[in-house]
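The block underneath contains the structure these notes are about, expressed in structure tokens.
FYI, it's all coordinate maths here, none of it is from the lab. What you see is a predicted model, and the numbers here were worked out from it, not measured in a lab. Here Cβ is always computed from backbone atoms with ideal geometry, including for glycine, and neighbour counts include all displayed protein chains.
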Amino acid sequence: MDHELLLKALEAAQKGQSCAFATVIDATIKGTPRKAGAKMIVLRDGTLLGSIGGGRYELAAKRECLKAIRSGKPALVTYNYFGEKGQSVCGGQIKVFIEPFAGIKHLVICGAGHIALPLSVLGKMLNFRVTIIDNREEFANRARFPHADRIVVGPHAKKLARLSFNGNTYIMIVTQGNEYDFECLETVIRSDAGYIGVISSKAKRVKFFNRLASAGIPPKLFKKVSIPAGLDIGAQTPEEIAISIIAEIIFLGNKSFVGTDKFSGKD
């Protein structure tokens, strides 16, 4: 086992970067460049660490890793080194197990009010790293959010702009004022965040998108924003609204599993 490789995978996960392992689980005695146990890691951006033998099949395994990162599903692939016209002939075969690993998910909640509290609790229950941002110290404090990983006090949008975002960053904008909400949305709409949600009415959605368009934001980016945020479950209370938001986030992460019989009650 290459411990340095595992440490690099851990470092990537802690930064919120998804990755996938490609491990040779079976190989013929002769004719293959690497044997069972050989391992490589592919990061979401295509960075390759380690090797399972190089050449065209390593590139093919890399593509399978990137596919697994997107789908969240493992795969088992077989590569034959028997050669075709114009290719080297080694005469062996390997089986490679592709296993995706999601980076640590980061839930950033802009606002520390009545919806933020249950939403942050739900986020921790789902093993998200949770950051709270609010300009009111009487709300954004350790006594109110003892479970949060980070509490930032100051202007919402300015503090938000100092964070780094990737596909495992989930941003929920739920401040105490529409103008604060808009400033936060304008700050992150061009980011690589995997989810951007805004507490809103349908009228507020139209107003915000018109303002963004006037500010030069391409309308194609509006598709990244869930506004009003959350699945429509008829939520009324802050707790119910928080559940609808976290359910939407779960849905986005589990799209490839929707429609399975996992919860059908069948034995």
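Looking at the chain, send over the antiparallel percent of its DSSP beta bridges, to the nearest 5. So the antiparallel bridges in the chain amount to around 50 percent. Taking Lys and Arg as +1 and Asp and Glu as -1, the other residues whose beta-carbon sits under 12 Å from that of Val130 total +3. Straightening the chain between Ile233 and Glu138 buys 31.1 nm, computed as 0.36 nm per residue apart minus the Cα-Cα spacing. Take every Cα pair under 8 Å whose residues are at least 6 apart in sequence, average their separation, divide by the length of the chain, and the relative contact order is 14 percent.
Please give the calculated 222 nm ellipticity per residue for the chain, where each DSSP H segment of at least 4 residues contributes -39500 (n - 2.57) and the sum is spread over every residue; nearest 500 deg cm²/dmol?
Mean residue ellipticity at 222 nm (helix-derived): -10000 deg cm²/dmol.
Which part of the stretch 217-235 falls in the paramagnetic zone of Phe251, meaning amide N under 13 Å from the point 7 Å along Cα-to-beta-carbon? The answer is 226-235.
Near Gln17, the amide H atoms lying under 5 Å from its own belong to Ile104; only residues 5 or more places off or on other chains count, and H is placed 1.01 Å from N.
When you restrict to C-alpha pairs under 8 Å that are six or more residues apart and normalise by the size of the stretch 69-179, the relative contact order lands at 25 percent.
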